[in-house]
Amino acid sequence: MFSRVKGFRDIYGEEAVYWERIERIFKETFHTFNFREFILPVLERADVFHRGIGDTTDIVEKEMFAFKDRDDTMVALRPEGTASLVRAYVENKLYNPTSVRKYYYIGPMFRRERPQKGRFRQFYQAGVEVFGADGAAIDAEVIYLLRTLADKAGIGDMVTMEINSIGCPECRPAYYETLVAYFEQHKDGLCEDCKRRLGKNPMRILDCKVESCRAITKDAPVMLDYLCGKCEIHFSDVKKYLTAFGVEYNVNKMMVRGLDYYVRTAFEMVTNHLGAQNAVGAGGRYDGLIKLLGGPEIPGIGFALGIDRLVALAMQKDNIKDKGADVFIIAFKDISDVKCAELVKNFRERSIIAEIDYAFRAMKKQIKSADSSGARFTLILGDEEMNRGEASVKNMETGEQTSVKLDAVVDYIQNKL
């Protein structure tokens, strides 16, 4: 017997019902905010992520599924969507003509990290990217969209929104200098990864989950105290627009992004209902990424939302059952099988879920199948019913049974539903 690859999983049954609902809600909401879908390839040149995510990140250093193709090209299963979408935006010259572009994507991502609760090697994300807008209003709208997705999915009371400003190339150097000086004084207490980060991207030390590092970072200087005038105004405006959108938030001074092209607004949607995996969605402004991947100097902002984690939250909140069929038709070979097929067609044309016993077995077995199907109504087309031009309709919840003319039974069921 074959088994799944470690860190991968099958999604079926009740969880798949939630999955379908969440994806439908997401797509409806994205379109309401005037975002258009972008369908991305699963496989990219590995360089897209080396440059777009950064060589020193854990994703690139430790977690990418990367391998050589037959022509010796280094390729990788995408570990995230932003770098892929920016690559597509640049390659297809979607910056011509100049305008604001708003895209969303939904699909699987791949990271070879240690599987645990809420974390898989194949996981699913929905994300958005906005290119060509640098004002605080679009930052607030993107955060508002992330919050709206949680609310519409029914888990709004299980998450909170955290925001921060991480400055810009003008104000960050002075902060880096102070930050490095602080950590140099506490270097012996840092984990090995953070000692390495100290010389490459010291802001990432603030995000370390190792307890010894967390104790040190608690008193570390924060970027908010070093913002230049433009960044202060931008962050103030983001908060003002979030209030106008009705989005509640907390300022998390320790939130960071470890790459230089991330600037100003950073945000995360977090929960305390999933154990150690507290981040449900996260994003930020990345005004240097498009240029880094070969395009013009165009600003960008976006987020990625973990569908696996959001579905897990939704399943804690309520209990959606697969409703099964609306109607089950019991029919018999050479008596009512043809009429049954006609009725199935008529029901489905009205989006009524109709099911039958394809083998047209004995009455007792079909009744058992009707019970297990979860159908709300059962139609019986036996000899007597066909002679009268009627169907016996049974309400499976109440047990009530009535006769309905065959040419009126579709309308009857539709009205009852």
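The values are calculated or read from the model by the stated rules, or taken from the named source; none is laboratory data. Predicted model, so just to flag it, every value in this text is computed and none were measured. Cβ coordinates were reconstructed from backbone atoms using ideal geometry, including for glycine residues, and neighbour counts include every protein chain displayed. Just the protein is used for accessible areas: all its heavy atoms, side chains included, with ligands, DNA and RNA removed. Shrake-Rupley method; radii C 1.70, N 1.55, O 1.52, S 1.80 Å.
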### Query
Per the Kirkwood definition applied to all pairs of different Cα atoms, how many angstroms is the hydrodynamic radius of the range 240-321?
15.0
### Values of log10 I(q)/I(0), in the order q = 0.10, 0.12, 0.13, 0.14 Å⁻¹, for the chain under a Debye, Cα-only, solvent-free model
-0.79, -0.99, -1.10, -1.23
#### Entry: Förster-model FRET efficiency, 45 Å R0, residue 362 and residue 27, C-beta, rounded to 0.05
0.55
### Summary
Taking placed amide H atoms and a strict 5 Å upper bound, the residues 5 or more places from residue 125 or on another chain that come that close are 107, 109, 307
#### Entry: Exposure rank, largest accessible area first [203, 363, 1; 1.4 Å]
1, 363, 203
#### Entry: In the range 369-417, the GluC sites (Glu not before Pro) that fall in loop regions by DSSP, at most 10 other Cβ within 10 Å
397, 400
### Query
Using a 1.4 Å probe, how large is the accessible area of residue 47, given in Å² and rounded to the nearest 10?
100
### Summary
Restricting to aspartates and glutamates and to Cα separations under 19 Å from residue 6, and discarding same-chain partners fewer than 8 apart, the set is 63, 113, 308
### Task
Note down the Stokes-Einstein diffusion coefficient of the range 32-166 in µm²/s, whole number, using a Kirkwood radius over alpha carbon pairs, 25 °C, and 0.890 mPa s.
146
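Taking 0.36 nm per intervening residue step and subtracting the Cα-Cα distance, what contour gain separates residue 240 from residue 10 on full extension?
Working: separation 230, 0.36 × 230 = 82.80 nm, distance 4.34 nm.
That pair, residue 240 and residue 10, stretches by 78.5 nm at full extension.
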## Note on the structure
For the range 303-417, the percent of accessible surface on carbon and sulfur atoms (probe 1.4 angstrom, ligands and nucleic acids excluded) is 48
#### Entry: Neighbour cut-off at most 13 other Cβ (10 Å), DSSP loop, GluC sites (Glu not before Pro), the range 150-249
170, 248
## Note on the structure
Rounded to the nearest 10, the angle in degrees between the Cα long axis of helix 363-373 and the longest principal axis of the Cα atoms of the chain comes to 20
### Query
What does the helix-only formula give at 222 nm for the chain: each DSSP H stretch with n ≥ 4 adding -39500 (n - 2.57), the total divided by the residues, and the result rounded to the nearest 500 deg cm²/dmol?
-11000 deg cm²/dmol
## Note on the structure
the chain accessible area per residue, 1.4 Å probe, protein heavy atoms, integer Å², reads 50
